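Asker: Questions regarding the structure given below will be posed in turn.
The values are calculated or read from the model by the stated rules, or taken from the named source; none is laboratory data. This is a predicted model, so every value here is computed, not measured. Cβ: placed from backbone, ideal geometry, glycine included. Neighbour counts: every protein chain shown. Accessible surface areas use protein heavy atoms only, side chains included; no ligands, DNA or RNA. Shrake-Rupley method; radii C 1.70, N 1.55, O 1.52, S 1.80 Å.
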Amino acid sequence: MSMRDVKICLLGESGVGKSSIVMRFVADKFKNALESTIGASFMTKTIFLDDSTYKFQIWDTAGQEKYRALAPMYYRGSAAAIIVYDVTRETSFHAVKGWVHELQRHGPSKIVIAIAGNKCDLEDLREVREKDAQEYARDIGAIFCETSAMTAVNIAELFDAIARLLPPE
Ligand code: GTP
Ligand code: MG
């Protein structure tokens, strides 16, 4: 039974649901009106998967522009990054591409990248087609899933997929 510490950070525009994804994953809770994150917040969660134990050390960064310059402190040294966009906000999907470029240029060379299209419960308000995001993720070799922190769809699966893709230590 192996045991791994996995440093992971969440990136993405303000309001896309980064903190909500973390809260769903760590505490299985959801809040309708969550405070925007200040600076960053840190949480841990341990999962058991395929005879291994993964202790996720999760840095939930603040999406507001004024905190932009802090991001490298959190993605440096991360084994994985979850870049979140909101399926009801096209601009938040464009921002994903900016984060991918930044990680490719300045992030750890073997970082596992996952792209999460959150708020997939809001189908009527959708602006980003699942297929477009899926194709983009495939092109850059990223994990992709649509998630809902509200309904819990694909939240545990997202972290499982990351654990499975981590390079051997
Ligand atoms: P910053 O901390 O400012 O970077 O934002 P954030 O990305 O952490 O977003 P946050 O988790 O605070 O969520 C923003 C708002 O979206 C909150 O009011 C949440 O309740 C709502 N929200 C988050 N995830 C979902 C979801 O899956 N579905 C729906 N319908 N609403 C969501
Ligand atoms: Mg937040």
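Asker: Go through (1) touching a strand residue (DSSP E or B) at 6+ places or on another chain (Cβ under 8 Å); (2) touching a residue at least 60 places away in the same chain (Cβ under 8 Å); (3) under 27 Å from M1 (Cβ atoms) for L49 and report which single condition fails.
Answerer: (1)
Asker: Out of M73, M1, M23, M43, which single residue is aliphatic (A, V, I, L, M), modelled with pLDDT under 95 and farther than 19 Å from A142 by Cβ?
Answerer: So the residue among M73, M1, M23, M43 that is aliphatic (A, V, I, L, M), modelled with pLDDT under 95 and farther than 19 Å from A142 by Cβ is M1.
Asker: Something else: Could you say which residue among D51, D28, D60, D5 is of a type in the set (D, E, K, R), touching a Lys or Arg at 6+ places or on another chain (Cβ under 6 Å) and open to solvent by 60 Å² or more (accessible area, probe 1.4 Å)?
Answerer: After ruling out the rest, the residue left standing is D5.
Asker: Moving on to the next point. Filter the range 101-123 for residues that are over 12 Å from the mean Cα position of the chain (by Cα) and among the hydrophobic types (A, V, I, L, M, F, W, C); which is most open to solvent (accessible area, probe 1.4 Å)?
Answerer: L122
Asker: Oh, and also: Pull out all pairs, ordered by first then second residue, where Cβ-Cβ is under 9 Å, the residues are six or more apart or on different chains, the first lies in the range 18-36 and is more than 11 Å from I155 (Cα to Cα) and free of Cβ contacts under 8 Å to residues at least 24 places away in the same chain, and the second is open to solvent by 40 Å² or more (accessible area, probe 1.4 Å) and more than 8 Å from ligand 2 (Cβ to nearest atom).
Answerer: Partner pairs satisfying both residue conditions: A27/M43; A27/K45; N32/M150.
Asker: Pairs needed: first member in the range 70-92, under 17 Å from R129 (Cβ atoms) and open to solvent by 10 Å² or more (accessible area, probe 1.4 Å); second member anywhere, assigned to a loop (DSSP other than H, G, I, E, B) and among the hydrophobic types (A, V, I, L, M, F, W, C); C-beta distance under 7 Å; at least 6 residues apart or different chains.
Answerer: Taking only residues 6 or more apart or on different chains, the pairs are T88/L122; E90/V128.
Asker: Another question about this same structure. Provide a single number: the residues in the range 82-94 that are over 12 Å from K18 (Cβ atoms) and under 16 Å from the mean Cα position of the chain (by Cα).
Answerer: 3
Asker: Working only within the range 129-169, note down all residues that are outside any helix (DSSP H, G or I) and without any contact (Cβ under 8 Å) to a residue 40 or more places away in the chain.
Answerer: Correct list: R129, G141, I143, F144, C145, S148, T151, V153, N154, P168.
Asker: While we're on this one: Does R126 count as open to solvent by 30 Å² or more (accessible area, probe 1.4 Å), touching a residue at least 12 places away in the same chain (Cβ under 8 Å) and of a type in the set (K, R)?
Answerer: Yes, satisfied.
Asker: β-branched (V, I, T) and farther than 25 Å from R24 by Cα, is that true of I140?
Answerer: yes
Asker: Quick check on S92: is it under 20 Å from I47 (Cα atoms) and in contact with a Phe, Trp or Tyr (Cβ under 8 Å, 6 or more places away or on another chain)?
Answerer: No: the conditions fail for S92.
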